[in-house]
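Q: Pasting in a structure now, in structure tokens, and then I'll have a few things to ask.
The values are calculated or read from the model by the stated rules, or taken from the named source; none is laboratory data. As the structure is a computational prediction, the values presented were derived from the model and not from experiment. As a convention, Cβ positions derive from the backbone with ideal geometry for all residues, glycine included, and neighbour counts pool all protein chains shown.
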Amino acid sequence: MKLYYLPGACSLADHIVLEWIGQPYEAHQVERAELRSEAHLKRHPVGQVPVLVEDDGWQLTENVAILNYLADRFPAAGLGGDGSVRGRAEVNRWLGYLNSEVHQTFKPLFAPQRFITDERQHAELQDTARTKLRQHFTLLDRQLADRDWLTGTRSLADPYLYVVTRWAKAKQVNLQGLEQLARFHERMHADAGVQAAMQAEGL
């Protein structure tokens, strides 16, 4: 397997999961200028990361799809839930929330010009995004009450939460008082697989 990634991007979640699985894989860094290249567009038609390429050449894009594929291909890693149908649904509930709600709310912080061309309005747009993100992280903090992992057992959703929490810290999102989230972030940051993935990405 080969993972194409951009350092610190959402592909870091896949990178962490590959470390947790413990099976052989390669990680290939894509430079930002490379995203729109002909070679990368053949791997990902939208010019994004992650991309997972299997040994037979089969290519898979989209974080949620890649994470679920890895859980199904390597069930012994136990990252798809507690083994029950409902447990798997809970993992996908939070994975979907992180992907479709939390991740998307960060976009004005990364590229406000994609939403409003008038630069004078960028600060207001970004403040609105930070307010919404505070609401998201407050909900996530409540979900972590009395549990170490987002769904109760270590799962695919946890690396994604770690990634967006890193973004929140970098983009000055107010996380003050969210003690459960802070403990989760510290626990993840100390994890050997997380550290291995981050070191490989130069983070």
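Q: Could you look through segment 145-183, keep only residues that are hydrophobic (A, V, I, L, M, F, W, C) and closer than 23 Å to ILE66 by Cα, and pick out the one that is surrounded by the most Cβ atoms within 10 Å (Cβ to Cβ)?
A: Ranking the qualifying residues of segment 145-183, first place goes to LEU156.
Q: Shifting gears a bit: If we scan segment 23-32, do we find a residue that is among the acidic types (Asp, Glu) and within 14 Å of the chain's Cα centre (by Cα)?
A: no
Q: Is it the case, given these coordinates, that LEU133 is over 18 Å from GLU19 (Cβ atoms), touching a Ser or Thr at 6+ places or on another chain (Cβ under 8 Å) and in the same structural domain as ALA182 (by TED's automatic domain parsing)?
A: When the stated conditions are applied, LEU133 passes them.
Q: Specify which of the listed residues (ARG32, ARG36) is touching a Gly at 6+ places or on another chain (Cβ under 9 Å) and among the basic types (Lys, Arg).
A: The conditions single out ARG36.
Q: Okay, next question. If you scan segment 24-63, which residues turn out to be among the β-branched types (Val, Ile, Thr) and buried (at least 16 other Cβ atoms within 10 Å of the Cβ)?
A: Answer for segment 24-63, where residues must be among the β-branched types (Val, Ile, Thr) and buried (at least 16 other Cβ atoms within 10 Å of the Cβ): VAL30, VAL49, VAL51, VAL53, THR61.
Q: What number goes with the only condition from (1) without any contact (Cβ under 8 Å) to a residue 12 or more places away in the chain; (2) surrounded by 15 or more Cβ atoms within 10 Å (Cβ to Cβ); (3) β-branched (Val, Ile, Thr) that ILE116 does not pass?
A: Every condition holds for ILE116 apart from (2).
Q: Further, regarding this structure: Checking the condition under 16 Å from LEU161 (Cα atoms) and out of contact with any Gly (no Cβ under 9 Å at 6 or more places or on another chain), which residue from LEU12, LEU52 passes?
A: LEU12
Q: Take the conditions surrounded by 15 or more Cβ atoms within 10 Å (Cβ to Cβ) and over 23 Å from VAL194 (Cβ atoms) and apply them to LEU70. Does it pass?
A: no
Q: Within the group LEU125, LEU140, which residue is surrounded by 12 or more Cβ atoms within 10 Å (Cβ to Cβ), more than 23 Å from LEU6 (Cβ to Cβ) and either among the small types (Gly, Ala, Ser) or within 18 Å of the chain's Cα centre (by Cα) (or both)?
A: LEU140
Q: Mind checking which residues of segment 143-162 are farther than 16 Å from ALA182 by Cβ and under 14 Å from the mean Cα position of the chain (by Cα)?
A: Scanning segment 143-162 gives SER155, LEU156, ALA157, PRO159, TYR160.
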